[in-house]
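Enquirer: Before I ask anything, let me first share the structure, which is written out below as structure tokens.
The values are calculated or read from the model by the stated rules, or taken from the named source; none is laboratory data. Not measured: the values here are computed from a predicted model. Note: ideal-geometry Cβ built from the backbone for every residue, glycine included; neighbour counts use all protein chains shown. Only protein heavy atoms, including side chains, enter the accessible area calculation; ligands, DNA and RNA are left aside. Shrake-Rupley method; radii C 1.70, N 1.55, O 1.52, S 1.80 Å.
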Amino acid sequence: MNYFSSDSRTAFEAKCEAQRIAFGPIMFQACRILRDSGILEVIQQSGADGATLEEVAAKAALPRYGIKVLLESGLGIGLFSLCGGRFALTKLGYFILHDPMTRINMDVVHEVCYRGMFDLDKAIQEGSPAGLRTLGTWKTFYEGLASLPPRARESWLAFDHFYSDLAFPAALPLVFAEHPTRLLDLGGNTGKWTLQCMKFDPQVHVTIADLPRQLELARESIPLNGFEKRITFFPIDVLNGSTAFPEKQDAIWMSQFLDCFSEPQIISILQRAALAMKPDTNLYILELFWDRQPNETAAFCLQQTSLYFACIANGNSQMYHSSDMKRCLAEAGLKIIEERDQVGPYHTLFKCRKA
């Protein structure tokens, strides 16, 4: 669905939105502090009657001045209503406080992206992850994922897993409809998909392939009791174009994986996947495409996530339009034999074979 085919705002609405964008970084931090300091919680507990500044100051562990400017900022943002000197929580304030997706998105923006985004212009100009230096000295974010400061790593993993966790239960019966006995989990990350495969089908053997440091995380997170004989850990750097993938697989799985690479890199990965595939091997690609989203806000979130890739992750990938991925598949000698949208709320699943 095309959510961006017309300009629906009036001139006044557009100018108002422009001011919110101008103050966007300040607005973001105000919302985060109001959430994390407990002020939103204090005001919610006051119910429909609301709370005065003095009542909030008596319960929140911040100076009165700081609480005052935060409350007034939150009022303009729309987190509160104000009547008779009493602040009450609005629906927007409620979702900032309680919505899991909002919390996860805010946390990863703050812990992983916020400081680095100062160098977005440099990243765009150079085609390099210029903002990554605020986290470490690695060439790409993924090389350093296992070494990130705890809060940054936890926020990124929560962000990554939140969306895949919504899709995996819907994807499992689709992938196992043809009863694969050998499955390659390419870019397996912490092994969450591999573990779900183990539980879903007691006969399947899964090879989980990723960078060596990522496999360390997978070994730590997968409880191997009973699964040792059905999991193979395969260290690989897929950016090395000469590296072959494990062969004789009934299915190959790539979940939120190809968006971590540029289009030429995607084509190289898919070409090597095709070389490893038997004629009846199914390649499953689970991705978040911004043009296949159920609403405009979901598309917006993915479009902004592309700037994380540009500035922090690697400097050359993005959340793709589905036509980009289809073009890469065709160039790699693969064809889509089935595609499903809303595998979970937001994902698309491509089932592919050799052309």
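Enquirer: I need every pair where a residue in region 201-226 that is without any contact (Cβ under 8 Å) to a residue 60 or more places away in the chain has its Cβ under 9 Å from the Cβ of a residue that is assigned to a strand (DSSP E or B) and acidic (D, E), sequence separation at least 6 or different chains.
Expert: V204/D250; V206/D185; T207/D185; I208/D185; A209/D185; D210/D185; A218/D210
Enquirer: While we're looking at this one, here's another question. For region 56-83: of the residues being farther than 15 Å from C31 by Cα and open to solvent by 80 Å² or more (accessible area, probe 1.4 Å), which is modelled with the lowest pLDDT?
Expert: A61
Enquirer: Moving to a separate point now. Surrounded by 14 or more Cβ atoms within 10 Å (Cβ to Cβ) and touching an Asp or Glu at 6+ places or on another chain (Cβ under 7 Å) - does that describe any residue in region 101-121?
Expert: No, that holds for no residue.
Enquirer: A further question on this structure: Please go through (1) open to solvent by less than 60 Å² (accessible area, probe 1.4 Å); (2) touching a Ser or Thr at 6+ places or on another chain (Cβ under 6 Å) for R86 and return the number of the only condition it doesn't satisfy.
Expert: R86 satisfies all of (1) open to solvent by less than 60 Å² (accessible area, probe 1.4 Å); (2) touching a Ser or Thr at 6+ places or on another chain (Cβ under 6 Å) except (1).
Enquirer: Does M325 fit the bill of being outside any strand (DSSP E or B) and buried (at least 20 other Cβ atoms within 10 Å of the Cβ)?
Expert: Yes; evaluated as a whole, the condition is true for this residue.
Enquirer: Looking only at region 242-277, filter to residues that are assigned to a helix (DSSP H, G or I) and closer than 17 Å to Y142 by Cα; which one of those is most open to solvent (accessible area, probe 1.4 Å)?
Expert: Q265
Enquirer: For region 41-77, name all the residues that are in a helix (DSSP H, G or I), farther than 28 Å from A22 by Cα and hydrophobic (A, V, I, L, M, F, W, C).
Expert: Residues satisfying the conditions are V42, A48, V56, A57, A58.
Enquirer: Oh, and also: Report yes if T137 is β-branched (V, I, T), open to solvent by 60 Å² or more (accessible area, probe 1.4 Å), out of contact with any His (no Cβ under 6 Å at 6 or more places or on another chain) and free of Cβ contacts under 8 Å to residues at least 40 places away in the same chain, otherwise no.
Expert: yes
Enquirer: Consider C311 carefully, then state whether it is farther than 25 Å from L239 by Cβ, assigned to a helix (DSSP H, G or I) and either of a type outside the set (A, V, I, L, M) or open to solvent by less than 20 Å² (accessible area, probe 1.4 Å) (or both).
Expert: Working: farther than 25 Å from L239 by Cβ: no; assigned to a helix (DSSP H, G or I): yes; either of a type outside the set (A, V, I, L, M) or open to solvent by less than 20 Å² (accessible area, probe 1.4 Å) (or both): yes.
It is false that C311 is farther than 25 Å from L239 by Cβ, assigned to a helix (DSSP H, G or I) and either of a type outside the set (A, V, I, L, M) or open to solvent by less than 20 Å² (accessible area, probe 1.4 Å) (or both).
Enquirer: Now for a separate question. Determine, yes or no, whether E287 is open to solvent by 50 Å² or more (accessible area, probe 1.4 Å) and among the charged types (D, E, K, R).
Expert: No; evaluated as a whole, the condition is false for this residue.
Enquirer: Being aliphatic (A, V, I, L, M), within 29 Å of the chain's Cα centre (by Cα), within 19 Å of T297 (Cα to Cα) and surrounded by 11 or more Cβ atoms within 10 Å (Cβ to Cβ) is the requirement here; does A30 meet it?
Expert: For A30, the condition - aliphatic (A, V, I, L, M), within 29 Å of the chain's Cα centre (by Cα), within 19 Å of T297 (Cα to Cα) and surrounded by 11 or more Cβ atoms within 10 Å (Cβ to Cβ) - is not met.
Enquirer: Could you identify the single residue in R9, R86, R32, R64 that is charged (D, E, K, R) and closer than 27 Å to P100 by Cα?
Expert: Only one candidate qualifies: R32.
Enquirer: Has region 224-231 got any residue that is more than 21 Å from the chain's Cα centre (by Cα), among the hydrophobic types (A, V, I, L, M, F, W, C), under 22 Å from C260 (Cα atoms) and assigned to a strand (DSSP E or B)? Break it down into steps so the answer makes sense when it comes.
Expert: Taking region 224-231 and keeping what is more than 21 Å from the chain's Cα centre (by Cα), we get 224-231.
This time we only want the ones that are among the hydrophobic types (A, V, I, L, M, F, W, C), so: 224, 227, 231.
Then keep just the ones that are under 22 Å from C260 (Cα atoms); that gives none.
Scanning region 224-231 turns up no residue that is more than 21 Å from the chain's Cα centre (by Cα), among the hydrophobic types (A, V, I, L, M, F, W, C), under 22 Å from C260 (Cα atoms) and assigned to a strand (DSSP E or B).
Enquirer: Consider only pairs whose beta carbons are under 6 Å apart and that are at least six residues apart or on different chains; among these, list those whose first residue lies in region 227-241 and is modelled with pLDDT of 90 or more and whose second residue is hydroxyl-bearing (S, T, Y) and loosely packed, with under 15 Cβ neighbours inside 10 Å.
Expert: What qualifies is I236/T243.
Enquirer: Considering only region 29-47, state which residues are out of contact with any strand residue (DSSP E or B) (no Cβ under 6 Å at 6 or more places or on another chain) and of a type in the set (A, V, I, L, M, F, W, C). Working first, answer last.
Expert: Residues of region 29-47 that are out of contact with any strand residue (DSSP E or B) (no Cβ under 6 Å at 6 or more places or on another chain), as a first pass: 29-42, 45-47.
Result: A30, C31, I33, L34, I39, L40, V42.
Enquirer: Criterion first (over 21 Å from the mean Cα position of the chain (by Cα), modelled with pLDDT of 95 or more, buried (at least 22 other Cβ atoms within 10 Å of the Cβ) and assigned to a helix (DSSP H, G or I)) does V175 satisfy it?
Expert: Working: over 21 Å from the mean Cα position of the chain (by Cα): yes; modelled with pLDDT of 95 or more: yes; buried (at least 22 other Cβ atoms within 10 Å of the Cβ): yes; assigned to a helix (DSSP H, G or I): yes.
Yes: the conditions hold for V175.
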